[in-house]
Structures are given as structure tokens and as C-alpha cells.
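Chemist: The structure is given below, and queries will be raised subsequently.
Every read-out reported here was derived from the displayed coordinates using simple, explicitly stated rules and does not represent laboratory data. Given the structure is predicted, the values throughout are model-derived calculations rather than measurements. Cβ placement follows ideal geometry from the backbone for every residue including glycine, while neighbour counts extend to all protein chains displayed.
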Amino acid sequence: MPHVTYLGFPRIGRRRELKRALESHWRGESSATELLDTARDLRHRHWALAREAGADSVPVNDFSLYDHVLDTAVLLDAIPDRYRALDAADPLAAYFAMARGVQTASVDLPALEMTKWFDTNYHYLVPELSTGQRFAARTDKLIGEFREATAAGHLGRPVVLGPISFLRLAKTTDGSDALALLDAILPAYVDVLTALAAEGAAWVQIDEPCLALDLDDTARDAYRHAYATLAAANGPRILLATYFAALDDNLPLAVSLPVAGLHVDLVRAPEQLEAVAQALPTDRVLSAGVVDGRNIWLSDPGKVMGQLRALSARIADDRLWVATSCSLLHVPIDLTGENDLRSSLRDWLSFARQKIAELRRYADALAGDPDAMNALARQSERVATRAKSSDVVRVDVRARLRQLTPQAAQRRSGYSSRVVSQRERFGLPELPTTTIGSFPQTQELRKARSAYRAGKLDTATYEAVLRDDITRAVRFQESIGIDVLVHGEPERNDMVEYFGEQLDGYAFTANGWVQSYGSRCVKPPVIYGDVARPEPMTVRWSAYAQSLTQRPMKGMLTGPVTMLQWSFVRDDLPREEVCRQIALALRDEVHDLEAAGIGIIQIDEPALREGLPLRRAEWANYLGWAVHAFRIAAGGVSDATQIHTHMCYSEFNDIIESVAAMDADVISIETSRSRMELLDAFTRFRYPNGIGPGVYDIHSPRIPSEDEMADLLTKALAVLRPDQLWVNPDCGLKTRGWPEVESALKAMVSAAERLRARV
Ligand code: GLN
Ligand code: ZN
């Protein structure tokens, strides 16, 4: 019978127990021991849950207190020098310092850079390496967790990020090529494998997602060299795991590597099934990723059984593993308890626990088990009702999209004349200051919101709290001299959820949390039907905020690509079509804001880059429809209305032309952690429109000084025209506290004033 397993499990806990434990520890309210106890409980609970659902073996070391790439850096002792002293004294504190930065009376350490994990909304910490880097195996976490799993009676399969992917995801601080460190890093990996073998691990899962990217000959050679070395280490059998895309032209390479098994993603890339089955040497295990680790729809038994039958015709059952397409990190834990979902919708969904149960049914059915076959027949019926359901298609929405003209995606004039009208209208100083949208969400505000949601606070009282919050934000911004104000987004729990709740075609889960970074989770909405906007979504709050001040108030919307990218999207319609539906709804909102006197409107697209396909050959198509959707949303306004956009965590080099094609009047980006390095793409391209490179790292509790920010602005001014430079933080401030935000923004305004005097 095929073996049932999965590549990794969500860490955060069904009730976000890890989040609470981490944050209480960071606040100094609980000890390291308490935090580690919670972490251990979660690991045990999740292994047990997976076993009960039907997994034969469980991944180990997929758990992380913050991030698995950071864990890998620690596993290899690739700890940048600035954290070394702290690491020697208190490794856990050093770990969190690398993740979040630390600022006390005696230490002031900025965090590592953070960036998106492939095309997901999960963020990893970017390892910092340099020429001459030393590595060593530090296996305490890995071995500790393996022993835990074994002691609990599980067949554990340790997971580590592979050497080539690790190096490729890292950055070097001296501009050298990270792959040049391969010979230095391999002995550490060999030691890891040796240690695992000594513990009795039968298998190790080595994740090499980069094997599904475009590779040049040097990278291919590196793969050959690395895996020849690892195979010679006499470690556990290696399952080489790839996911998120097809192996494609790297298939010959993948099957030539001397490993015991290969995992492929047959959800994202079902077309590779035949080729993989044919190319795989007969002594290898094939781990078939047939159940989607990235989305929450119940799988279609017709499709999956077809795939598994095709595979089992070629591959002996004891060499066929039935698995999720990738780690389940990207889906919520359990559908049980989601009682507020419409019953038909609930019937169409499957979370981590249900997905493992699906795998069990598939494996059992393949082995001829009649109960499993019956269960799959019922599953097929559920999937079929979804395809037939009428409330997923809206004739009006489809018709409006068909009638869309090319002009809809066009501003009336080019930037050079728009900017003149806008300058006249707003009369802003050089280097205008603004913020990205949200202000701190206080305990009081959060309490009011949850009471309101629970029906314990009436609408009038809740809205009075929101008005107070907006007033406070406006008064504060005026008092420190910010030029373009925001209302602070107190009415929003989350930038996608807030809009999704007001749009048709969206549904919400009660506990469908997914980790975004560290303790931060998001609850992606479910887009199950055609999207339409029944009524204005933000106009009331923006107009109220504008009524409080003479200064321009920026309206704040989440863009179509981000609305798509941060939701669980229906899989029965092309993504680009869903994106255009959202764009039309936003276009109406932009129009209503403009009509209500809001002259500056920001349409956030932080997820534009993360949506890039893994393979370059597919980029142009994606960027084409993504940019077009943004332009549909923004295209309907007059020249004097200023459209902003915002993107964080993006590497812009490859997409700068498309970012320019969005033609926003102003873009704000995240640049402070990289010390303006991320601005290079804009300056090389001679990006013409307004640009606000972030000067304040809002993902760290550290408060940047005026000098630090003035220094960053000086760097920016060296490469940008003074008339195009805006001054702003990296991102929204909702996760920060008021006192730090007050000091930081005051310092930011002073830094802008200092530089203004010079230009
Ligand atoms: N306007 C949003 C905010 O300020 C943008 C958040 C984001 O880019 N992730 O919170
Ligand atoms: Zn942002």
C-alpha cells in the first residue's frame, strides 16, 4: 500500500497558541521555558492529529519558533557577526534578535531582512552570508525534535532546507556569489546527516524548492556536486522535495541526483506526471503531491485517482507515496468548528487535517479498500455540487467585464501633465511626508471591535470609538506636521478581510489562520463566487477624516492583485478573471471616493511581486494582467486626483517595467532594512513618477533616529530628483505602539525638514 505523508504542518496552532506564547514572551510576561513548553505541546498535538487523520509518517523540524529559513541558518551556524555575542550568552534571545531586531539600553541590533517565500504570503528571514563564511552543524533543535517524535511513537522524517536553496535564498553582504560557499557549507550538511543517521532516522526530507526555478549550468553543477557529497555521507535516505512549480527542464537533473526519493508537486504542475514517472529510476520512491497544500478546496477524486492510477501502473506501491503538494504551512489547520460557513461552502472545503484524511482515503482506495472507495464517491458528489451551484456566477458581473473598453485602463493624461495639476491642487512642499495608512491598533480598539463583532457593543458606540481614533490620528499627524494625512484604518481588522467582507463572492472562516511571518497570521478570505460591490466600502470613513482637517486626506484601498493573492481563490475560474472582477469593484470605490472630495487615493499592492510565477517564461503573462487590473481600478479618475500605490517586501529589479506601467502618481516601497538597496531598480530604470522609499522599519520595535532617516534620505536624494522624493515609513503602523510611532514619526518629519533645507 502507498505510504501517506505530508511535507510540513502549520506551526501557529489552531487557536494561534504559538502567537500568544511568543508575544507574551517578547513582552517579558512569560519565560523561555513557558514558551518552549507551548511549542512542544503544539508539535505533539499536530503530530497526533496528523496520525489520527491517517498519516503514516510525520515531518519533524517543520516546526519553527519564527521561521524555518532562520532555523536553517542557525542549524548551519550561519549567524552574522553582530549577533554573535548575544548568541553566546543567550541563543534564544539572539534568535529573536535576528528575527525582529532588539533595542535595549545595552544592545541595539537591527533584524535580518525579510522577504516572501516564493509566490506565497509567507515571509522568511534572509540569511546574511559573506566571503569566507564558516559553517558548522548545530543540531540541537533538529535532533531534539526528532527524539520527541520518536519517543511519542511517530515515524519521524526530519526536514531541512537543502544547501542550494539555502544559498540561493540567502544574500551576501559583500556582493559575492553565495553559491561560491557551497564547498564550505556541505561539510555542515554532512554532519547534520551523520547526526540524524546516528539517531536512527530512516529518511530525511531535503527541501529544494529552487530546483523548480530557472537554473543555469553553474547552478545545475552545484546541485550535482552537492547531492553527490550528501549521498556519500551515509546519512538517512534522502527525499528530495520540490514544490510550487514543475521541474520542467530540470527534470533530467532532478532524477539524476543520487537520492532515494523525489517529491513533485502534481497540483501546481499536473502536466509533469507522465514525464516524471517515465524518467524516475526504478529504485526511487516517488512522493506524489496530489492534494493542494496551498488552497482549501476539497480535491476532486476523479482527477486525483486518475493521477494515482497512472502512477501506480508504473511504480510499485511500496515506492509510491501519497502526499500534499507542499507543506501545509499555507492552509489553516482544521475545518471542524467552522460552523458559520454556509453548509454548501463548508462541504467544498478541506483544511490541513482534512487534507491528510483525503490522502488516507486515496491511498486506501488505491489498495482497493471498499470503505475508502465509497467515501471517495461521496466526495465526488460534493465536488460536483460546487460545479453546478448557481450562486457562483453573476450574469451582471460577467457582462460588465465583457464590455470593458481599453480606455478603462487609461488615465486621461500622462504623468508629466497630471503632476502639474496635482501640484497646483495640493501645494505640497518638496519631500512631502506621509504614512502608509494604518496607525497603531490599541488594545482598546481591538477590544471594542471584538465586542462589536460578538454583538456585545452596539454600532453607535463602536463607531464613536472609531471616530475618536480617527480624530486622534488626524490631530497627531497635524501636530507633528505630516503633509498628506491618513485616517489610520481603525475600522479594519485586516486590509483584505475588510474589503472582502463588503464584497459579494467572498466568504470568511472563523479560525482559518495562516502564518504570514513570525507571530503574525492572516485569515485569508475565500473567494468562491463572482465578485461585486453592493455599496461603497470606505467613503464614509475617509470623508469623515477629511472633514476634520484642511490637509489632504489619503483614501486607502487594497488593490486587486493583493485582494486576489491574499485570499483563497476559487479554482474554477482563471485567476486573472477573478482579479478583473475585483478591479471593477475597486474602480467604483475609487470613483465614489473622488466624488466625495478625496483627492489622493492609495491603492495598496504589496502582493504584486509575490504573485510572480516561479518560472520567467510565465512572468510576462502574469504581469500583463496584474498591471492591467491595477489600471482598471485606478484609471477612471481626473488628472488632479493623485493615485498612490504601496508595495513592501519587494525586490524590484525584475519587475520595474511593470511597476512603471502601473503608472501610479506616487509609489511607496520598503527600503529601510536594505538601506535603500531596493531603490536601485528604480534609479537604474529612471523611474519617472513620485516615489517614497521607506525610511522607518516598522517591522521592528526599534525606533530609528532622525540622523539615521536623514542619512537614508540623503542616499535617496543622490539618485532621485528632489521633486519626485516622498518621505514615509516602510509600511503601515498597525502593529506598533503609539509611543514608538510618535517618536519615530516626529523624527521622520524632522529628517524631511532637514533635507528640505538642502534641496
Ligand atoms: N495600508 C496598509 C497599512 O498601512 C498597507 C499594509 C501593507 O502594505 N501590508 O496597514
Ligand atoms: Zn506594506
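Chemist: Just name one of Tyr452, Gly488, Gly505: the one whose Cα is farthest towards the positive end of the charge dipole of the range 447-509 (beta-carbon charges, Lys/Arg +1, Asp/Glu -1).
Modeler: The residue sitting most towards the positive pole is Tyr452.
Chemist: Please compute, over every Cα-Cα pair in the range 87-157, the percentage with a separation greater than 13 angstrom.
Modeler: 78
Chemist: I would also like to ask the following. When you have a sec, figure out the Kirkwood radius of the range 255-392 from all distinct Cα pair distances and drop it here in Å to one decimal?
Modeler: Computed over the range 255-392, the radius equals 15.8 Å.
Chemist: In addition: Return the long-range amide H neighbours of Met114 (sequence gap of 5 or more, or a different chain), with a cut-off of under 5 Å between placed amide H atoms.
Modeler: Those lying under 5 Å, H to H, from Met114 are Val126.
Chemist: While we're looking at this one, here's another question. Between Asp283 and Asp174, 0.36 nm times their residue separation minus their Cα-Cα distance comes to what?
Modeler: Additional length available on full extension: 34.9 nm.
Chemist: Using only the Cα atoms of the range 515-610, what do you get for the radius of gyration and for Dmax, in Å?
Modeler: So, for the range 515-610, Rg and Dmax equal 15.1, 48 Å respectively.
Chemist: Next question, about the same structure. Strictly over 27 Å apart at the Cα level, which of Lys116/Lys303; Lys171/Lys523; Lys171/Lys554; Lys554/Lys734 would you flag in this model?
Modeler: Table pairs above 27 Å Cα-Cα are Lys116/Lys303; Lys171/Lys523; Lys171/Lys554.
Chemist: In addition: Ignoring everything except DSSP H segments at least 4 long, calculate the 222 nm mean residue ellipticity for the chain; use -39,500 (n - 2.57) per segment, divide by total residues, nearest 500.
Modeler: Computed ellipticity for the chain at 222 nm equals -13500 deg cm²/dmol.
Chemist: Tell me, Phe685, Phe630 in order of fewest to most beta-carbon neighbours within 10 Å?
Modeler: If I rank by nearby Cβ atoms, fewest first, I get Phe685, Phe630.
Chemist: Related question: Run the dipole for the range 452-534 about the Cα centre, Lys and Arg Cβ at +1, Asp and Glu Cβ at -1, nothing else charged, and hand back the magnitude in debye, nearest 20.
Modeler: Computed about the Cα centre, the dipole is about 260 debye.
Chemist: Same structure, new question: Of Tyr517, Tyr498, how do they rank once you tally other Cβ atoms within 10 Å and put the fewest first? Working shown, then result.
Modeler: Working: Tyr517 22, Tyr498 18.
Lowest count first: Tyr498, Tyr517.
Chemist: Give me Lys116, Lys303, Lys456 ranked fewest to most by other Cβ atoms within 10 Å of their Cβ, as a rough exposure proxy.
Modeler: With the sparsest Cβ surroundings first, the list reads Lys456, Lys303, Lys116.
Chemist: Okay, moving on. When the distances between all Cα atoms of the range 483-552 are binned every 10 Å from zero, what whole-number percent does each bin get?
Modeler: 17, 38, 29, 15, 1
Chemist: Charges at C-beta only: +1 for Lys and Arg, -1 for Asp and Glu. How large is the resulting dipole of the chain about its Cα centre, in Debye rounded to 20? Please list the in-between numbers first.
Modeler: Values: 87 positive and 102 negative charges, 228 e Å.
Dipole about the Cα centre, nearest 20: 1100 debye.
Chemist: When N counts the residues of the range 379-488, how does its alpha-carbon radius of gyration compare numerically with 2.2 N^0.38 Å, as a ratio? The partial results should precede the final answer.
Modeler: Numbers: Rg = 23.0 Å, N = 110, 2.2 N^0.38 = 13.1 Å.
In units of the 2.2 N^0.38 Å rule of thumb, it is 1.76.
Chemist: Using 0.36 nm times the number of residues separating Asp81 and Asn374, minus their current alpha carbon distance, what extension gain do you get?
Modeler: Numbers: separation 293, 0.36 × 293 = 105.48 nm, distance 5.90 nm.
Going from the current span to full extension adds 99.6 nm.
Chemist: Measure nothing fancy, just the Cα-based angle from helix 370-388's long axis to the longest principal axis of the chain, in degrees from 0 to 90, nearest 10.
Modeler: Helix 370-388 and the main axis of the chain meet at about 20 degrees.
Chemist: What full-extension length gain, to one decimal in nm, is calculated for Lys303 and Arg237 as 0.36 nm per residue of separation minus the Cα-Cα distance?
Modeler: Difference between extended and current length: 20.7 nm.
Chemist: Over the range 124-237, what is the mean sequence separation of C-alpha contacts under 8 Å (at least six apart), divided by residue count, expressed as relative contact order in percent?
Modeler: 35
Chemist: For the chain, what size does the Cα cloud have along each of its three principal axes, sorted from largest down, in whole Å?
Modeler: Principal extents (Cα only, largest first): 73, 62, 52 Å.
Chemist: How much of the DSSP bridge set in the chain is antiparallel, in percent, rounded to the nearest 5? Show your work: numbers first, answer last.
Modeler: On the way: 12 of 65 bridges.
Approximately 20 percent, going by the DSSP bridge assignments.
Chemist: Could I ask something else about it? Between Ser390 and Ala136, what's the calculated FRET efficiency when r is the beta-carbon distance and R0 is 60 Å? Round to 0.05.
Modeler: Using R0 = 60 Å, I get an efficiency of 0.45.
Chemist: Shifting gears a bit: Can you give the translational diffusion coefficient of the range 585-674 in µm²/s, computed by Stokes-Einstein from the Kirkwood radius over Cα pairs at 4 °C and 1.567 mPa s?
Modeler: Translational diffusion coefficient: 94 µm²/s.
Chemist: Just from the alpha-carbon atoms, what are the Rg and Dmax of the range 146-187 in angstroms?
Modeler: Over the range 146-187's Cα set, Rg and Dmax evaluate to 15.6, 47 Å.
Chemist: For the range 20-173, go through all pairs of different Cα atoms, get the mean of 1/r, take its inverse, and jot down that Kirkwood value in Å.
Modeler: Evaluated on the range 20-173, it is 16.7 Å.
Chemist: Just to be sure I understand the model, the point goes 7 Å from the Cα along the line to the Cβ. What's the resulting Asp214 to Ala88 distance in nm?
Modeler: Inter-label distance under the simple model: 4.5 nm.
Chemist: Just to be sure I understand the model, the point goes 7 Å from the Cα along the line to the Cβ. What's the resulting Met1 to Glu651 distance in nm?
Modeler: It works out to 4.4 nm between the two label points.
Chemist: Mind giving me the nanometre distance, one decimal, between the label points for Ala313 and His44, set 7 Å out from Cα along Cα→Cβ?
Modeler: Placing both labels 7 Å beyond Cα along the Cβ direction yields 4.8 nm.
Chemist: Given a cut-off of under 8 Å on Cα pairs at least six residues apart, what relative contact order in percent is computed for the chain?
Modeler: 13
Chemist: Still on this structure, I have one more. Ignoring solvent entirely, what values of log10 I(q)/I(0) come out of the Debye formula for the range 659-759 at 0.12, 0.17, 0.19, 0.24 Å⁻¹ when each Cα is a single scatterer?
Modeler: With one equal scatterer per Cα and no solvent, log10 I(q)/I(0) is -0.36, -0.72, -0.88, -1.30.
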